[in-house]
Amino acid sequence: MPETAIAEAPAKAGTGEKILQVRNLEAWYGESHILHGINFDVNAGEVVTLLGRNGAGKTTTLKSIMGIIGKRTGSVQFNSQDIIRATSDKIARMGIAFCPEERGIFSSLDVRENLLLPPVVRAGGLPLEQIFDLFPNLKERLNSQGTKLSGGEQQMLAIARILRTGASFLMLDEPTEGLAPVIIQQIGHTIARLKKEGFTILLVEQNFRFASTVADRYYVVEHGKIIDGFSNSELAANMDKLHTYLGV
Amino acid sequence: MADEFILETEGLTKEFAGFFAVRDVALKVRRGSIHALIGPNGAGKTTCFNLLTKFLKPSAGKILYKGQDITAMAPADVARMGLVRSFQISAVFPHMTALENVRVALQRQHGSSFDFWRSKSVLNRFNDRAQELLNDVGLSEFANTPAVEMPYGRKRALEIATTLALDPEMMLLDEPMAGMGHEDIDKIAALIKRISAKYTILMVEHNLSVVANLSDIITVLTRGQVLAQGHYSELTKDERVKEAYLGAGHA
Amino acid sequence: MTALTDDTLPVTPRAIRDEMIVFVVMALLLAAVPFSGIYPFFVMQALCFALLACAFNLLIGYGGLLSFGHAMFLGTAGYCSAHALKVWALPPELGILVGVAGAFVLSIITGYISIRRQGIYFSMITLALSQLLYFVYLQAPFTHGEDGIQGIPQGRMFGVFDLTKPTVLYYVVLVGFLAGFLLIYRIINSPFGEVLKSIRENEQRAISLGYRTDHYKFLAFVLSGTLAGFAGSLKVFVAQNASLTDVHWSMSGEVVLMTLVGGLGTIFGPVVGAFAIIAMQQYLAGFGQWVTVIQGSIFVICVLTFRRGVIGEIAHYLRRSL
Amino acid sequence: MQALYAQLLVGLINGSFYALLSLGLAVIFGMLNIINFAHGALYMMGAFVAYFLLSLGGINYWWALLIAPIVVGVFGMILERTMLQWLTGLDHLYGLLLTFGIALIVQGVFQNYFGSSGLPYAIPDQLKGGMNLGFMFLPIYRGWVVVFSLVVCIATWFLIEKTRLGANLRAATENPTLVRAFGINVPRMITLTYGLGVGLAALAGVLSAPINQVRPLMGADLIIVVFAVVVIGGMGSIMGSILTGFALGVIEGLTKYFYPEASNTVVFVLMVLVLLVKPTGLTGRAA
Amino acid sequence: MKTKSIASFLLGTALAVTTAGAAFAQDKTVKIGALSDQSGLYADLGGPGSTLAAQMAVEDSGLAAKGWKIEIISGDHQNKPDIGTAIARQWFDVDKVDVIVDVPNSGVALAVNNIVKEKNGVYINSGAATSDLTNAQCSPNTVHWTYDTYMLAHTTGQALVKAGGDTWFFLTADYAFGAALERDTTAVITANGGKVVGGVKHPLNTPDFSSFLLQAQASKAKIIGLANAGGDTTNTIKQAAEFGIVKGGQKLAALLLFLTDVKAIGLETAQGLNFTETFYWDMNDQTRAFSKRFSEKMKNNAPPTMVQAGVYAGVRHYFKALEALGGNPHDGVKVVEKMKSLPTEDDLFGKGEIQPNGRTIHSAYLFEVKKPSESKGPWDFYKLVGSVPGDQAFTPLSESKCALLKK
C-alpha cells in the first residue's frame, strides 16, 4: 500500500474560501496515540468525506476538531481562528456542529426536548417549520421518548437538532450506519439539500457508494494520517486503490 | 444434529428500549469450521456476540451449545464449557507480563486458583506451556514484558494465546483485526487459520478480504437480522448483500 | 469500571527479593523498639492498626473494593476476644481464636450481602452494615454498650508468656503483626492473588476466561475481614478494653486514611500510613478537634495531589514495587 | 389505632429530611458521579447559617430559608470548582474519599468553635403552637416541615423533569461530552448542579434547626442513614429517591411504635433485605 | 493517646528545684493530669473549665510559696474509653503523673479507674455519673466527688413524689447509665408510694423524640422522667415543649441536667424544670466570689458548672492530704487513705467527708429553672426549692457492694 501523505488539498471542488484548515493534528486517547499528524482543508459550501477502515482515526479526527479528545496538538483553523485549545462548548458557539456516530439521542428526553436541546448559537439556523418540512416523521412523534424512535428516525433527529443552532459547518459521523437502503437514500437527499442551503459538511463514511452521491471530495485516513485524497470526479479512477485501503 | 453443529440459536432477539439490536437470529455453526459474521457497522454483530457469551441477556430466543441450552447460564460458566470469547478492544491484564497473562488462563483449569496459602511459585509449572503458547503466536521474546508496554498488534496476539490456553472447543473472536496494520493482519490471519485446525471459530470481522480468505461460511447481518448466508463466492453474487454492504447507489 | 489503583501501580514486576530485604529491615527495627526508649504502648497500638490497614489494603489494593466498614471486623473480634477472656476466662491464645472466628463469621455474612454490588455502592453498603452493627453492639448486653468491656485480663500466652509484662506483650504483638503481614504478603503472591489481580485489572476478561469472579472477591473479603479481626484481637491485649470506638464509622474512615496516606496497593504503605496517622494523633492531640480537621485535610490533599501515597510515590520513583 | 396514626405522621416528618437529603444526593450523583459524603456536613452548615443569621444579624427564619441554601450552595460551588472538578475521569471512589475529607474538615472546624453540644434555635413565632387533630397534638411547625419539603421536592422534580433547564441537566447526565459539544457550558452546569444539591441539604438543615438543635455533628450520623436510603432506593430516579425517603421515614416511625429498640437499625435491616432480593435497589440502574 | 502540656506551672523556687528529690519523704513535686472531654459533648461542663479549676486550686492552695513544685497537664479522652486509658497509661508510665482529675463520661471513667488502680495513682473523679465507681467497681485509689446516679435519682425522685407527682413515665437512654438512673429512681418512687406506669428506651443520640413523647403523652403519667443525658436530655425537653406536653399538665423531671444544658435549651423552654445539682454558682457569697474569678478567665465568661467546681474542691482536698503527709509519697493508696481520714471543707461544697468506699458526701440541692422574667443575668437560671443532707442523698454504706468495706 502506498504511504503517500498528502498535506495539500487536491483541486478545489467547492467555490468558497477555506473554512477549515487542519495541520499536523495529533491526538491521544489516554496513553494511546491515535492521530499522527492529520492535514486537510474544507472549503465553504463543500461536502468532504473522510474514508477509512475501522480504527483508522476518522471519528477521532472529528472529535479532535470538536475539542472532545483529551489531548491534541497541531492546529485547527476555523474561519481563520485557531481552535485547537478551545473547549468544545466554545467551538460549538463558533458555529461547528457535530452529529456523533452513535447518534447520541438522549433516552431520558422526549423528541421535542432532544430537538430543542442544542442552544441557538448564532443567527441563520433553520426554523422549526423548515426542519419539520425536511423530516416530517419527527413532527408526528414529538412527544415520544427519544430512544423509542426507529434507527432511521433517530438519525434524522440527530441531524435535525443541529440544524437549528445556526452552525454552518456540520460534521456527520457515519450517518448511514445500520440503516435500511431506503432511509439511506433519504439521508442522501437531506444532505444534498443542506448543501444547497449553504451548509458545509464534513462526513465520515465507510459506505463510499453512499458518499459518492453527495461528496465533492474525499480523504483517506489510515493509521492516524491522511494517506490519499481526490475529488468526486476522480473516484472511479481510484476505485481499486480504495478497495485495498478499505479492505472491502 | 448436535454433533454437526456445535452452536445453534433460535429466534435470538435483543431489544434495547424499543430498538431491536438483534432480531430473530437463527445461527448454526458447524463444528470445526471458521464461521464469519459480517455486516455494516451497527448491524448488531457485537450485540450478537455478547448474547452468545452471556454478557448480555437475550430478550427472547434460545442458545444451544453442544446440544445443551445455555440461554440462562452465567458468562463464566459458558466459558468453562469451552466457549471462549475475545473482545473488540484488546483485553489483556495490563500490569502483568505476557507470561503471567497466559498463566492466569492455564491456572483456571489446572490449578489451585483459590489457594491463597501457597506461593505463586507453584504456578511455575505452567511456564513451559505458557512459553509454548507465546511462541505459537510469535511472542517468544515478550514473555517478561508487561502487557501494557506491548504494541497493539502484539496485545491482540497475546489475547489469542490466552484464549488458546484454556484449550476451548470453540472461540468467538470479536474483530480480531480491528485497528491493525497490514503486516499484523496477515500474521493474525495466518494464526487463525492455523488454530482452526483444532477449534471451531466464530468471528466478527469487518475486513472483507480477510473474511474471504479465511472463512468457510459467512453470515451477513443487517439491522439485527440475518440477510444471507453462504460461502464468499456465493455471497458476492448476491445483489442484496452488495447493496446492504456496499450501500445504495452501487453501480 | 476502572480499577481504583490503576494509575497508582508501578508497572515493573514484583521484586520479591527487594521486598524481603525491606521486610527484614522493618522487622529488625521493630524488634529493637523496647531498647530504644520509645514508649512501647504507642508502637503496639500502631502495630495493631498497621495490621488492620494491611488487611484493608488486601481488599482495596488487590481486590479493587473500597470497604468503608472495616471497623466492624476490628470491633467484633475485639468484643469476642474480650468476652472470651473476661467472662469465659479463656487463655490468651484461645481468646484470640474466638475473636478471629467472630470476625470470620461476620465477614462471611457481610461479604455475602455486599459483594453483589460494586464501586460506591459496595462502599455505602459496607458503611451501612457497620453502622447497623454499631447500633447492635450499642444495645447488646454483652458489650456493655457505652461503657465497653473494661479491665480485660491479659494472662499468660500458652501458659508461658506473661502478657502483663510490657516487653513480653510487645514481642507477642510484634510476632502477631509480622505473622499477619507475612500471611497477607503470601496471599498477594499466591495463585489466588494472581487471579485476584487479573480480576482487578480486567474483570470482563477474567470472566471470559471462566473465572466466577464473585467467588474470588468474596474470598478476598473474608480473608481481609478475618485478618482485620486478628488485629482487633491483638488490640484487646494492648488496650485491655473493647469499646464502641472500634466499631464506629470514623474508625473505618481512619483505616482508609492510613492506607491512602501510605499508598493503596503497596505492600508497606499501610504500615507507614498507620504509624504516621497514629503518631500524628499522638503529637497533635493538644489541638483538640483540629486533629479531625488535619485528618480531613490529609484526605483532601492525598486525593487531589498525592494519590499514590508515601510508599507509592517512592516505589514509583524507584520503579520498584514496595 | 390513634397512636398509630400519630406515629405515621411523625414518621412522615423524618421522611421529609430523608427525602430532601437523598434527593440532593441523587441530583449530585447524576451529574458528578460522586457520592457526596460531605452532604451531612453541608446540611449542618445550613442550620448554622440560620443560627448565625438570627443571632448575629437578627435575620429571621423566613429569610434564612432563602439565604442559607444560597450561602451553602455558593460554598458548595467553590468546593466543586476548587476540588471536585479535578476528579473528573477518576474512579468515583476518589470522590467518596475527597468528600469524606471535606466532611471531616467542615465538622472539625465547627466543633472547634462551637463544641459538640447544641445551640438553640427557636421556632418562628408564626409557626408556634399546635393543633389538635383528634388523634394527636400536631405542632404546627412539624406540619409545616412536611408540607414545605413536599413542595420543595415536587418543585425540584418539576425543574428536572419538565423544564428546558432540566432537559439540559438530564442530557448532561447521560452524555456530558456531547451536550458540551452542542455549545452548553457543562462544567458550569455541573457546578450549579452541585450548588443545587447542596442547597437542598442546607434547606433541610434550616428546616431541622428549630426541631433538632444546631450541632456540628447533626449531619454526620444522619448521612449514613441517608446512604442506606439511597442504597434501598437505588438512585435510579428523582421521584424514586423522594418516595423512598418519605417511605422509610414512615417505616421508621412505625418501628418506634412497635419496637423502639430497633428504630435505629430498621433502615439498615431493610437495606440488607432489599439487597438480598434485588441487588440493584428498588428503582436502581446498574452501577 | 492524647496529652498536652497546657501550662507548666513551675511554681517552685530555685532552692526547691535544687533540693527536689534530695530526700524521698520530702519530695514536694506533684503532677496533675486533667483528663476530660475537651471538645465533645461534655466539653462545656468539664473540658477546659476543669483544667482551669485545677489551676485555680493550685494557685489558691498557696503551696508554691511553701516550696512545692506542681505541674498540670491536660488531655482529651474524646469520650472514648480506649483513648482515655491510653492517655492515663502514658501519663503514669512516661509523664509520671500522680493524680488524674475530672474524667466525665461513665464509660471512660470506669476504664481509667482500672488503670489508676493498676499504676497505684490517685483518681479524683468529678465528671462521671456512674455510682459504680464507689460501689461494685470501687478502688482504694479513687475518690468520687460531686454527684452520682444514685444521688440524682434519690433527690429528684423523692422530692417530686412527695410533691404529688406519683405516676411516672420514663424516657430512658438505652445504655447502662440510663438503666441505672431508671432503676434507682423507680426504687425511690415505689418506696414513697408512687407508681411507674410505663417507659420507653431510646437509642443514644436520638435526634428526634417525637414518637417517644407521643407515647409518654398517651400514658397520662404526671411526671415524665428523663433518664438520659446531654444532648438527648436537651432535645427531649425542647421537643416536649413543642408537643405541648408541659402545657398539657404533665411535668418533666430531668434526672441529670447541667447549667450548660439549661443555657442550650433557653429559659423560655426550660422554665419550671426540676432537677438536682450539688453546686450552683449563685448559692452564697463564697460561691459567687469563686465563680466571679473563674468566669473572668473563661473564654465565654461562663460560671463554673458543678463538675468544674468538684475538680477545684477535690484538688484542694488532695493538697490538704499531701501537706498532712509532709510531702508527696507517690503512693496512691496512701494518699487516698489520708484524704479519707481528713474531713472535707471548702467554699464550694461546704462541709463533708469521704466515705471508705471513696464517695464524697455533701449536700444536694433540688432546683427549679426560673422563668425568663425572673432571670436577672445571662447565667441566672436556678431557684433553690429544697436540699437534702449528704448522708441521705448518697448510697448508704449498708447498701454498697464495695469490696473495700468488707475488710
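The single condition among (1) within 14 Å of chain A (Cβ to nearest Cβ); (2) crowded, with 20+ Cβ neighbours inside 10 Å that B:Val29 does not satisfy is (1).
Restricting attention to the range A:77-92, does a residue exist that is within 30 Å of D:Leu159 (Cα to Cα) and in contact (Cβ under 8 Å) with a residue 24 or more places away in the chain? For the range A:77-92, residues within 30 Å of D:Leu159 (Cα to Cα) and in contact (Cβ under 8 Å) with a residue 24 or more places away in the chain: present.
Identify the residue in the range D:181-200 that is open to solvent by 30 Å² or more (accessible area, probe 1.4 Å) and within 21 Å of D:Met45 (Cβ to Cβ) and, among all such residues, is nearest to the other protein chains (Cβ to nearest Cβ). Spell out how you get there, then give the answer.
Narrowing the range D:181-200 to residues open to solvent by 30 Å² or more (accessible area, probe 1.4 Å): D:185, D:187-188, D:190, D:192, D:196.
Subsequent filtering for residues that are within 21 Å of D:Met45 (Cβ to Cβ) retains D:190, D:192, D:196.
On the way: D:Ile190: 12, D:Leu192: 14, D:Leu196: 17 Å.
Selected residue: D:Ile190.
Inspection of the range C:223-242 identifies no residue that is part of a helix (DSSP H, G or I) and without any contact (Cβ under 8 Å) to a residue 40 or more places away in the chain. The helices (runs of 4 or more DSSP H) falling completely within the range D:205-287 that include 2 or more residues that are away from chain C (no Cβ under 14 Å) and modelled with pLDDT under 90 map to D:238-258.
Would you be able to tell me the number of residues in the range E:96-145 that are assigned to a helix (DSSP H, G or I), of a type in the set (Ser, Thr, Tyr) and in contact with a helix residue (DSSP H, G or I) (Cβ under 6 Å, 6 or more places away or on another chain)?
Total meeting the criteria: 2.
Filtered by the rule that a residue be touching a strand residue (DSSP E or B) at 6+ places or on another chain (Cβ under 8 Å) and within 22 Å of B:His206 (Cα to Cα), the range B:133-159 gives a lone residue, B:Tyr152.
Consider C:Ile199 carefully, then state whether it is at negative phi, within 10 Å of another protein chain (Cβ to nearest Cβ), hydrophobic (A, V, I, L, M, F, W, C) and part of a helix (DSSP H, G or I). Judged against the criteria, C:Ile199 is a match. Considering only residues that are open to solvent by less than 40 Å² (accessible area, probe 1.4 Å) and either among the hydroxyl-bearing types (Ser, Thr, Tyr) or more than 14 Å from chain C (Cβ to nearest Cβ) (or both), look in the range B:62-77 and name the one that is nearest to C:Glu203 (Cα to Cα). In this case the residue turns out to be B:Thr71.
Residues that are surrounded by 19 or more Cβ atoms within 10 Å (Cβ to Cβ) and either assigned to a loop (DSSP other than H, G, I, E, B) or out of contact with any Asp or Glu (no Cβ under 9 Å at 6 or more places or on another chain) (or both) within the range A:187-205 comprise A:Ile187, A:Gly188, A:Thr190, A:Ile191, A:Leu194, A:Phe199, A:Glu205, listed in sequence order.
The set of residues from the range A:117-146 being open to solvent by 50 Å² or more (accessible area, probe 1.4 Å), part of a helix (DSSP H, G or I) and farther than 22 Å from B:Phe19 by Cα comprises A:Leu128, A:Glu129, A:Gln130, A:Asp133.
Contact map, the range D:30-56: residues that are over 18 Å from D:Ala103 (Cα atoms) paired with residues that are open to solvent by less than 20 Å² (accessible area, probe 1.4 Å) and assigned to a loop (DSSP other than H, G, I, E, B), Cβ distance under 6 Å, separation 6+ or inter-chain. Pairs shown: D:Ala50/D:Ala209; D:Tyr51/D:Tyr121. Can you find a residue in the range E:69-86 that is open to solvent by 10 Å² or more (accessible area, probe 1.4 Å), part of a helix (DSSP H, G or I) and either out of contact with any Lys or Arg (no Cβ under 9 Å at 6 or more places or on another chain) or away from every other protein chain (no Cβ under 11 Å) (or both)? For the range E:69-86, residues open to solvent by 10 Å² or more (accessible area, probe 1.4 Å), part of a helix (DSSP H, G or I) and either out of contact with any Lys or Arg (no Cβ under 9 Å at 6 or more places or on another chain) or away from every other protein chain (no Cβ under 11 Å) (or both): absent. Only residues that are open to solvent by 20 Å² or more (accessible area, probe 1.4 Å), modelled with pLDDT under 85 and either assigned to a helix (DSSP H, G or I) or in contact with a strand residue (DSSP E or B) (Cβ under 7 Å, 6 or more places away or on another chain) (or both): list them for the range C:115-144, please. Correct list: C:Gln139, C:Pro141.
Residue count for the range D:202-231 satisfying the condition of being out of contact with any Gly (no Cβ under 9 Å at 6 or more places or on another chain), of a type outside the set (A, V, I, L, M) and under 16 Å from C:Phe68 (Cβ atoms): 1. The set of residues from the range D:88-101 being open to solvent by 10 Å² or more (accessible area, probe 1.4 Å) and either touching a residue at least 24 places away in the same chain (Cβ under 8 Å) or of a type in the set (Val, Ile, Thr) (or both) comprises D:Thr88, D:His92.
Filtering the range C:282-294 to residues that are at pLDDT below 90 and either in contact with an Asp or Glu (Cβ under 7 Å, 6 or more places away or on another chain) or buried (at least 17 other Cβ atoms within 10 Å of the Cβ) (or both) leaves C:Gln282, C:Ala285, C:Gly286, C:Phe287, C:Gly288, C:Gln289, C:Trp290, C:Val291, C:Thr292. Would you check if B:Ala105 is small (Gly, Ala, Ser), more than 8 Å from every other protein chain (Cβ to nearest Cβ) and open to solvent by less than 30 Å² (accessible area, probe 1.4 Å)? It is false that B:Ala105 is small (Gly, Ala, Ser), more than 8 Å from every other protein chain (Cβ to nearest Cβ) and open to solvent by less than 30 Å² (accessible area, probe 1.4 Å). Which members of the range A:149-163 meet the condition of being touching a strand residue (DSSP E or B) at 6+ places or on another chain (Cβ under 8 Å), free of Cβ contacts under 8 Å to residues at least 40 places away in the same chain and assigned to a helix (DSSP H, G or I)? Answer for the range A:149-163, where residues must be touching a strand residue (DSSP E or B) at 6+ places or on another chain (Cβ under 8 Å), free of Cβ contacts under 8 Å to residues at least 40 places away in the same chain and assigned to a helix (DSSP H, G or I): just A:Gly151.
Of everything listed in (1) farther than 19 Å from C:Phe122 by Cα; (2) buried (at least 24 other Cβ atoms within 10 Å of the Cβ), the single unmet condition for C:Leu97 is (2).
All of (1) closer than 30 Å to B:Glu175 by Cα; (2) more than 10 Å from chain D (Cβ to nearest Cβ) hold for A:Gln81 with one exception: (1). If you filter the range A:97-113 down to residues that are farther than 24 Å from A:Gly55 by Cβ and either touching a Phe, Trp or Tyr at 6+ places or on another chain (Cβ under 6 Å) or in a strand (DSSP E or B) (or both), you find that the one that is modelled with the highest pLDDT is A:Ala97. Does C:Val256 count as within 10 Å of another protein chain (Cβ to nearest Cβ) and within 12 Å of the chain's Cα centre (by Cα)? Against the criterion (within 10 Å of another protein chain (Cβ to nearest Cβ) and within 12 Å of the chain's Cα centre (by Cα)), C:Val256 qualifies. Of C:Gly69, C:Gly75, all but one fail to be in a helix (DSSP H, G or I), in contact (Cβ under 8 Å) with a residue 24 or more places away in the chain, buried (at least 24 other Cβ atoms within 10 Å of the Cβ) and not aromatic (Phe, Trp, Tyr); the exception is C:Gly75.
Looking at (1) touching a helix residue (DSSP H, G or I) at 6+ places or on another chain (Cβ under 7 Å); (2) within 14 Å of chain B (Cβ to nearest Cβ), which is the only condition C:Ser233 fails? Single failed check for C:Ser233: (2). Here C:Glu313 does not qualify as open to solvent by 20 Å² or more (accessible area, probe 1.4 Å), charged (D, E, K, R) and under 19 Å from the mean Cα position of the chain (by Cα).
The values are calculated or read from the model by the stated rules, or taken from the named source; none is laboratory data. Computed from a prediction, not measured in an experiment: that's the story for all the values here. Using ideal geometry, Cβ is built from the backbone for each residue, glycine included, and neighbour counts are taken over all protein chains shown. All accessible areas refer to the heavy atoms of the entire protein, side chains included, with ligands and DNA or RNA removed. Shrake-Rupley method; radii C 1.70, N 1.55, O 1.52, S 1.80 Å.
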